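The values are calculated or read from the model by the stated rules, or taken from the named source; none is laboratory data. Keep in mind the model is a prediction, meaning the values are calculated, not measured. Positions of Cβ are generated from backbone atoms using ideal geometry, with glycine treated the same way; all protein chains shown enter the neighbour counts. Only protein heavy atoms, including side chains, enter the accessible area calculation; ligands, DNA and RNA are left aside. Shrake-Rupley method; radii C 1.70, N 1.55, O 1.52, S 1.80 Å.
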Amino acid sequence: MKKGRVFSGARPTGRQHLGNYLGAIKNYVALQENYDCVYCVVDLHALTTLADTEHLRTWTYEMVLDWLAAGIDPECGTIVFVQSHVPQVTELHTILSMVTPLGKLTRLPTFKEKVRQQPDNVNYGLVGYPVLMAADITLYKADVVPVGVDQASHLEFTREIVRTFNHHFGPVLVEPQAKYTEVPKVLGIDGINKMSKSLNNHVELASEPEELYARVRMMVTDPQRQRRTDPGRPEVCNVFSLHNVFTPQETVGQIEADCRTAGIGCVECKKMLAENLVVHLAPFRERRSQLATDPDYVWDVLRDGAERAKTIARQVIAEVQTAVGLP
Ligand code: SF4
């Protein structure tokens, strides 16, 4: 017996990297055991920047292929679909916008940040973004939304919209609960910024072994370790933080000790990490190539996911229409 329904959405960003895997995908896969999961590619949200729209199809395909290869499994009941394939979300967005004060939206720190990022394109979609997010979650009566502690305010805004709506029109929408998950901050190969495709500091899950070795070789380590004989500080080294995830624990302890006493050089240490990454990601790469042999497979999964999502969405929209009094 499952504990409820989980909803989560991600913008289509193409091939996924280690940061995406450790920050979201791994958790998406684990949640399937105890929850009915609804995972959505939020392509409408991606339009708010009006950038790279010509890549939306390819990036959707590549991202979902990675999700499926990593273990997100429609066969076990998980719904994977594209936001714009279920048009009911835009209707719910419009209705929820009627109970959302404009002042609140424009005061949100996320909106102010977006205005800073794209001052020449402060469009209506940017302002309404959190309302569309609330529509995404409530359209599927999600009980639970996985969030990192720093994203709790985003979900709280959805909860507020739900409370306001239900106060006006009756208890129709489900107020989602946050499921706090530890979202590790995975740094990019520059060792400074969060791993990100746009900064080109990422390591793709689907990389071939040679590419993995090349990217790991480029990783910045402890900046104070100038010479091979200098003792290192694993606690400030990004290579070491990845060893913590991808290297067996008994070896991690040894690496830590060897680093502190200059018993191991960074070149060797990185080689070990790359080797472990290659081993760890081998089943993923194999499954990915297997799934990619049928170019229709991802689209079939998304088509089927949209149909299943629509079954829930139609029911919820009908309840909402009745509640608000639409004829
Ligand atoms: S030996 Fe390894 S853990 Fe130590 S600084 Fe070099 S790369 Fe980092």
Rounded FRET efficiency, nearest 0.05, which uses the C-beta distance separating E75 from A51 and R0 of 25 Å: 0.10
Ordering of 36-46, 306-316, 245-255 by burial proxy (mean other Cβ atoms within 10 Å per residue, highest first): 36-46, 306-316, 245-255
Accessible area of the chain belonging to carbon and sulfur atoms, whole % at 1.4 Å probe: 54 percent
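Note down the relative contact order for region 209-289 as a percent, whole number, built from C-alpha pairs under 8 angstrom at least six residues apart. Can you show the working numbers first?
Numbers: 75 pairs, mean separation 28.7, N = 81.
35 percent.
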The chain, dipole about Cα centre (Lys/Arg Cβ +1, Asp/Glu Cβ -1), debye to the nearest 20: 760 debye
Fully extended contour minus Cα-Cα distance, from R287 to Y124, at 0.36 nm per residue: 54.6 nm
Among P209, P234, P101: highest mean-square fluctuation, GNM of the chain, C-alpha pairs under 10 Å: P101
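Using 0.36 nm per residue, how much length does the chain from S153 to V220 gain when fully extended, once their Cα-Cα distance is taken away? Please report the intermediate quantities before stating the final value.
Numbers: separation 67, 0.36 × 67 = 24.12 nm, distance 3.31 nm.
Result for the pair: 20.8 nm of gain on full extension.
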Surface accessible to a 1.4 Å probe, per residue, for the residues of region 209-289, Å²: 55 Å²
Protein-only accessible surface order, largest first, of Y140, Y61 at 1.4 Å: Y61, Y140
Debye, to nearest 20: dipole size of region 209-289, +1 on Lys, Arg Cβ, -1 on Asp, Glu Cβ: 240 debye
In region 174-213, the GluC sites (Glu not before Pro) that fall in loop regions by DSSP, at most 12 other Cβ within 10 Å: E182
Listed residues S97, S196, S289, most fluctuating in the chain (Gaussian network, C-alpha, under 10 Å): S289
Value of relative contact order over the chain, rounded to a whole percent, pairs C-alpha under 8 Å and six or more apart: 22 percent
Residue of N20, N276, N200 that the Gaussian network model of the chain assigns the largest fluctuation, springs spanning Cα pairs under 10 Å: N200
Listed residues V216, V203, H154: farthest to the positive end of the dipole of region 131-228 (Cβ charges): V216
Among P231, A282, V245 - extreme Cα towards positive end, dipole of region 209-289, charges at beta-carbon: A282
Per-pair calculated FRET efficiency, R0 = 56 Å: H167 and R233 via Cβ, rounded to 0.05: 0.55
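Among the complete DSSP H segments of the chain, which ones combine at least 18 Å of alpha-carbon extent along their axis with a mean Kyte-Doolittle hydropathy of 0.5 or more?
On the way: long enough: 56-70 (21 Å, 0.34); 124-138 (21 Å, 1.12); 152-169 (26 Å, -0.48); 266-292 (36 Å, -0.06); 297-324 (39 Å, 0.01).
Helices meeting the criterion: 124-138.
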Förster-model FRET efficiency, 45 Å R0, M98 and E250, C-beta, rounded to 0.05: 0.15
